[in-house]
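Engineer: Would you mind keeping the following structure in view while I ask a few things?
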Amino acid sequence: MPSAPLLPGPVEASAEIKAYQPPHQPAVQDTPGWAPPAPATRVPSAYPTSRDAHHAGELKPAIVSFFSSTKRTGRWEVPPVMTLVEGFAEAILDLREAVVTSPVVQMRVYGAFCDIKIIVPPGVGVDLEGGVALFSDATSKQRGDVDPAAYRLKVSHSGAFASLKVITLAPGEEEPKWWKRLS
């Protein structure tokens, strides 16, 4: 059976089909110093999206502390849905340098006899959603305008004899001492 060229250009008489190569030009792979481009890789999140977790039946990430203190500062990854369970404890979650990969972060806080402080950077909108409270206090002190490009923090608080504070501070800024807040 005669061999007909599949593409225009020079064809060698053989049983193998050769790739098309224009005349008088070397193949790109034969060019000195050529390397295939590196594929664009995205670092996967350590936490699945809430939709993936719902379908997979996985548990949401949680921080649980009893008779202890928890402090998350610096660079850490915040999952889209996070549960915080505290009993006779203190928790400080500093989100100023945290890596947030979703447009909305839902934080579910359950506590008894605890003190919880969440620090957000300027521009982050905070919504204190409903919950059940018995002798508890939940406050949000935001400064400045909400940036529409920033993520939004939605906090639901259920607790007894608990205190939840959400404050806005710039990275590196320290919270003013209580005696400076009086003046």
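The values are calculated or read from the model by the stated rules, or taken from the named source; none is laboratory data. For clarity, every value in this text was computed on a predicted model and none was experimentally measured. Here the Cβ positions follow ideal geometry from the backbone for every residue, glycine too, while neighbour counts run over all protein chains shown. All accessible areas refer to the heavy atoms of the entire protein, side chains included, with ligands and DNA or RNA removed. Shrake-Rupley method; radii C 1.70, N 1.55, O 1.52, S 1.80 Å.
Engineer: Got a number for residues in segment 92-117 being under 18 Å from Thr139 (Cβ atoms), under 16 Å from the mean Cα position of the chain (by Cα) and of a type in the set (A, V, I, L, M)?
Structural biologist: Counting residues in segment 92-117 that are under 18 Å from Thr139 (Cβ atoms), under 16 Å from the mean Cα position of the chain (by Cα) and of a type in the set (A, V, I, L, M) gives 3.
Engineer: Condition test on Thr168, is it touching a residue at least 12 places away in the same chain (Cβ under 8 Å), of a type in the set (S, T, N, Q), closer than 16 Å to Ile92 by Cα and buried (at least 16 other Cβ atoms within 10 Å of the Cβ)?
Structural biologist: For Thr168, the condition - touching a residue at least 12 places away in the same chain (Cβ under 8 Å), of a type in the set (S, T, N, Q), closer than 16 Å to Ile92 by Cα and buried (at least 16 other Cβ atoms within 10 Å of the Cβ) - is met.
Engineer: Exactly one of these conditions fails for Val100: (1) touching an Asp or Glu at 6+ places or on another chain (Cβ under 9 Å); (2) at pLDDT below 95; (3) open to solvent by 60 Å² or more (accessible area, probe 1.4 Å). Give me its number.
Structural biologist: Among (1) touching an Asp or Glu at 6+ places or on another chain (Cβ under 9 Å); (2) at pLDDT below 95; (3) open to solvent by 60 Å² or more (accessible area, probe 1.4 Å), Val100 violates only (3).
Engineer: It is to be established whether one or more residues within segment 119-131 are modelled with pLDDT under 90 and either open to solvent by less than 70 Å² (accessible area, probe 1.4 Å) or under 22 Å from Glu77 (Cβ atoms) (or both).
Structural biologist: Yes, segment 119-131 has at least one match.
Engineer: For Ala162, which of the numbered conditions (1) touching a residue at least 60 places away in the same chain (Cβ under 8 Å); (2) closer than 18 Å to Trp76 by Cβ fails to hold?
Structural biologist: Result: Ala162 fails condition (2) only.
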